[in-house]
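In what follows, a structure is listed as structure tokens, so that the remarks can point back to it.
Readers should treat all values here as calculations from the given coordinates under stated rules, not as data from a laboratory. Computed from a predicted model, the values in this text were never measured in an experiment.
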Amino acid sequence: MSLLDVDTIDYVGVNILFKRVYVGIFDDLDWDDEATHFSLLTKKIDRYTQYVRSGQLLAAYPGVRGYPVIIEYVAMRPMTRAAEVFWKTRETIIRSVGFDVRCRTVDVRHATASDESVADVTGATANTSGVLADTRLESVADVLDLAPPAVAETKHSNEIVRVDHHPVLVMRKKTSSGR
């Protein structure tokens, strides 16, 4: 999943609670060459609108018929001022076509062992500031107490009913009196 793969849909997310479909673009590139970045982003957006308008989205996800489509742009690096202006124009174009738009930046910082941290035999790492952090999974699990809480056993009665020709699962909890 990269902005370089202009013919690939990076992800499709379906929110069944709010009845929305998110078609997402991951942008992992930096903004050093803005012209190329703008060109790739434009091609990717065009590909996404073609994907939805051609019916490919509904063919792949028939249960989302009637859901609004939101094109979500997820940037791995902060935008430059020119990029923000460019994205605002793209948002306007996407909305005029009939889709909603969402934009967010995700702070993803990769630390390599050679530049920023050195792992010792115990699993603790020391970063360049000299702070030690224990990265072993066992120690995190011990601290967080990841064991599921004990649940008292209760008997449930499940029943499927139809509401407006749609099956709905109704769960009923039995009380201690047996009702």
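Side notes on the structure shown:
- Integer Hz, Karplus 6.51/-1.76/1.60 couplings in order for segment 68-81, x for Gly and Pro: x, 9, 10, 8, 10, 9, 10, 9, 8, 10, x, 7, 7, 4
- Taking N as its residue count, the alpha carbon Rg of segment 11-105 over 2.2 N^0.38 Å: 1.10
- Theoretical gain in end-to-end length, Ala59 to Leu17 [0.36 nm per residue, Cα-Cα removed]: 13.0 nm
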